[in-house]
1. Could you figure out which of (1) touching a Pro at 6+ places or on another chain (Cβ under 6 Å); (2) part of a strand (DSSP E or B); (3) not β-branched (Val, Ile, Thr) isn't true of B:Asn136?
2. Hey, can you tell me all the residues within the stretch B:146-164 that are among the hydrophobic types (A, V, I, L, M, F, W, C) and either closer than 30 Å to B:Arg76 by Cβ or loosely packed, with under 13 Cβ neighbours inside 10 Å (or both)?
3. Which of (1) facing chain A (nearest Cβ under 10 Å); (2) modelled with pLDDT under 85 does B:Leu259 not meet, given it meets every other one?
4. How many residues, within the stretch B:99-115, are in a loop (DSSP other than H, G, I, E, B) and either over 21 Å from B:Gln51 (Cα atoms) or acidic (Asp, Glu) (or both)?
5. Consider the stretch B:96-117. How many of its residues are closer than 14 Å to B:Ile148 by Cβ and of a type in the set (D, E, K, R)?
6. When only residues in the stretch A:90-111 that are under 24 Å from A:Asp32 (Cβ atoms) and at pLDDT 80 or above count, which is farthest from the other protein chains (Cβ to nearest Cβ)?
7. Identify all residues within the stretch B:19-50 that are closer than 22 Å to B:Ser114 by Cα and either among the small types (Gly, Ala, Ser) or surrounded by fewer than 14 Cβ atoms within 10 Å (Cβ to Cβ) (or both); write none if there are none.
8. Considering only the stretch B:287-299, how many residues are facing another protein chain (nearest Cβ under 8 Å) and β-branched (Val, Ile, Thr)?
Amino acid sequence: MTSSQQEEALSLAETQPAGNVDRMKILIIEDDLEAAVYLTKAFREVGIVADHASDGESGLFMGSENSYDVIVIDRMLPRRDGLSVISELRRKGIHTPVLILSALGQVDDRVTGLRAGGDDYLPKPYAFSELLARVEVLGRRKGTPDQDVVYRVGDLELDRLAHEVRRGGKEIPLQPREFRLLEYLMKNAGQVVTRTMLLENVWDYHFDPQTNVIDVHVSRLRSKIEKDFAQPLLKTIRGAGYMIKDEG
Amino acid sequence: MNRFWFLFKSTAVRLSALYILLFAICAATLVFYVTAMSERLLTNQIREAVQQEVDQVQRAYDAGGMNLLLRTMERRARQPGANLYIIAGPSGDILAGNVASVQPGVLDEEGWTSMPFTYQRYAESGISRRHMAVANIFVLDNGLRLLIGRDLGEPEAFRGLVRQALMIALAIMGLGAIIIWFGIGRNALKRIDRMSDASKKIMAGDLSQRLPVGGSGDEFDRLSVSLNTMLGRIEKLNEGLRQVSDNIAHDLKTPLTRLRNKAADALDTKDGEVRRVALEGIISESDQLIRTFNALLMISRVEAGSVAAEMSAVDLSAIVADSADLYEPVADEAGLVLTSSIQPDIEVQGNRELIGQAIFNLIDNAIKYSSDAEGHGDIALKLLRRADGICLSVADHGSGIPAEKREDVLKRFVRLDESRSKPGTGLGLSLVEAVMELHGGKLELSDTDPQNQEKRGLTVSMIFPVNCSPRTR
């Protein structure tokens with residue numbers, strides 16, 4: 001981890017107005033002390049309370065308190081393997097969202113990780129902005145099950161059943177893929193969504209897109225929903241991704 | 001001495017020794033069986049001859065009583081031949097006949113002698129030669145004993161002959177075995193020596209060394225061939241590794257230097273905006289480095305085959321359609337047209353993520369390198385079944401790759417664009433090739449438009465095998 005990533009985290013924090021939401025509380029289960037210290041500090045700087053456990057057993061003990069919004073867990077841990085910690089938590093009826101960090105970073109690892117009860121998966125090395133975006137999305141998921149049929153951001157409305165998008169009462173025709181892209185952004189309105197998260201959730205491919213391919217899709221979508229309207233909604237978060245938010 | 005101990009320990013020699021032993025046992029058994037059978041046959045013939053004599057004597061006795069019997073015996077005893085005649089008193093002393101003495105006890109038991117016995121003839125009493133014979137013994141009413149028998153000279157000689165033949169045969173066999181043994185052993189030894197010489201050179205670091213192949217296609221050759229194939233793979237991997245570390249050193253030094261310079265700039269300046277720009281530059285440089293490392297890790301994992309277990313039936317048509325859907329706007333943005341022609345419902349055994357990433361890489365390259373193709377910048381994405389497999393091709397109209405450089409571009413970090421003016425890691429095609437190898441397929445590079453000298457274009461085809469089963473390691 002470099003100081004540049006901390007800087008990046010700071011610049012991200014500026015986009016997250018403090019006091020808007022309750023302070024999120026997360027548990028980091030990671031045996032690499034240096035990484036854990038960095039993560040704890042970086043999360044605190046963006047207003048997230050982070051506790052740290054350095055092995056599987058103590059992680060399980062702390063996680064069992066059920067007072068965390070998100071658990072970030074390394075796959076390979078001393079005393080108890082990360083996947084077994086997740087299974088044990090789930091067996092105890094604790095459904096705190098879990099994000100698995102793994103150096104293995106393979107497709108099969110993702111599948112086994114998610115099967116064990118993990119909610120998201122991030123291969124190492126990762127950018128802190130990517131981890132932060134995912135943790136925030138997971139943290140919010142806990143409170144609000146996405147039962148809403150209609151998502152609203154400002155004067156933009158997306159009807160998931162009718163597959164219709166309106167802004168200011170005027171219907172905006174979208175391609176099916178653009179619709180899914182907007183749906184995912186609006187579902188996580190006010191949260192930073194990274195390019196990798198978009199590729200995962202809209203196209204179902206799990207790797208770093210590396211190029212501007214996602215940007216092109218987002219800018220097309222943006223031109224459709226912002227053309228003829230003064231108020232911009234879809235923002236680019238430098239070094240991280242995108243966020244849809246009503247500034248007004 | 002050591003070498004011969006080693007020779008004895010060699011499998012071929014141990015096996016041949018075992019075979020020779022088994023063969024000798026079989027041969028001996030056979031010979032003994034044949035001897036025993038022919039002896040029995042001969043003994044039976046002799047008994048038949050004796051029985052004929054007995055019948056004649058019996059007829060004489062029936063016709064003329066004791067007198068005629070004794071006379072017949074006397075007359076027959078005087079005739080030359082192998083037959084034996086004895087008339088003996090009740091106590092066993094020989095009264096008449098052509099035999100001087102017999103083995104004691106022979107005359108005591110009536111009927112056929114159970115074993116051959118020894119006797120002596122009158123004529124040769126001086127030289128005490130003893131002969132073997134079988135006989136039938138009768139006890140008459142008046143206590144006289146009659147012996148009618150026949151000499152066993154012929155079967156004895158026969159048995160001797162057979163024994164001799166057996167000994168000679170075994171001797172020849174043994175000699176032959178030893179010669180063959182030495183032949184095989186020496187040959188094996190020589191070849192093993194040559195192989196171990198070659199492996200010593202390989203161990204000493206000369207990976208281009210190969211084990212000798214005789215050309216006879218025997219087990220030694222087959223072993224050498226598969227070891228050579230293994231060596232070839234090791235050499236290729238080793239070469240790849242060396243090249244990669246060279247290239248890593250070379251390719252990562254530049255961005256790291258830039259990174260360092262930008263960090264120094266950020267430290268020096270007091271201006272917040274300049275610092276922000278410098279820090280952003282540092283982040284994007286770092287991201288690029290992380291991408292490069294991720295791509296390298298990915299390739300090495302694919303090459304190590306550890307993802308082979310994650311293979312399942314995947315809808316290739318759907319992946320290609322996804323790729324077209326994902327990249328169509330990107331091509332459009334670059335002023336290009338991405339067309340696709342996809343045969344529906346083509347399934348292969350594979351890994352969706354890897355195939356997807358490979359196609360994305362190819363389209364990405366095509367867009368990157370045909371943006372300078374003014375006018376006809378079409379990129380054609382095709383998926384179709386062919387006779388030789390399932391062909392997935394991405395064709396562009398860029399400046400293409402000369403045939404002699406096609407091999408090179410598959411190597412890690414190799415980019416034809418020496419100035420590195422286009423963004424990229426130089427790892428894209430290496431990953432695609434690794435993915436194809438994992439799927440048992442191959443990667444083909446060709447010209448899209450060979451007629452056009454300036455913009456011949458590049459077509460990259462991923463050929464999946466028809467019965468696409470993943471390579472098993």
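1. Evaluating B:Asn136 over (1) touching a Pro at 6+ places or on another chain (Cβ under 6 Å); (2) part of a strand (DSSP E or B); (3) not β-branched (Val, Ile, Thr) leaves (1) as the failure.
2. Once the filter is applied, which keeps residues that are among the hydrophobic types (A, V, I, L, M, F, W, C) and either closer than 30 Å to B:Arg76 by Cβ or loosely packed, with under 13 Cβ neighbours inside 10 Å (or both), the stretch B:146-164 yields B:Leu146, B:Leu147, B:Ile148, B:Leu152, B:Ala157, B:Phe158, B:Leu161.
3. (2)
4. Result for the stretch B:99-115: 5.
5. 1
6. The extreme case among them is A:Thr96.
7. Listed by number, the residues that qualify are B:Phe32, B:Tyr33, B:Val34, B:Ala36, B:Met37, B:Ser38, B:Arg40, B:Leu41, B:Asn44, B:Gln45, B:Glu48, B:Ala49.
8. 1
The values are calculated or read from the model by the stated rules, or taken from the named source; none is laboratory data. These numbers come from a predicted model, not from an experiment. Cβ atoms come from the backbone with ideal geometry, glycine included; neighbour counts cover every protein chain shown.
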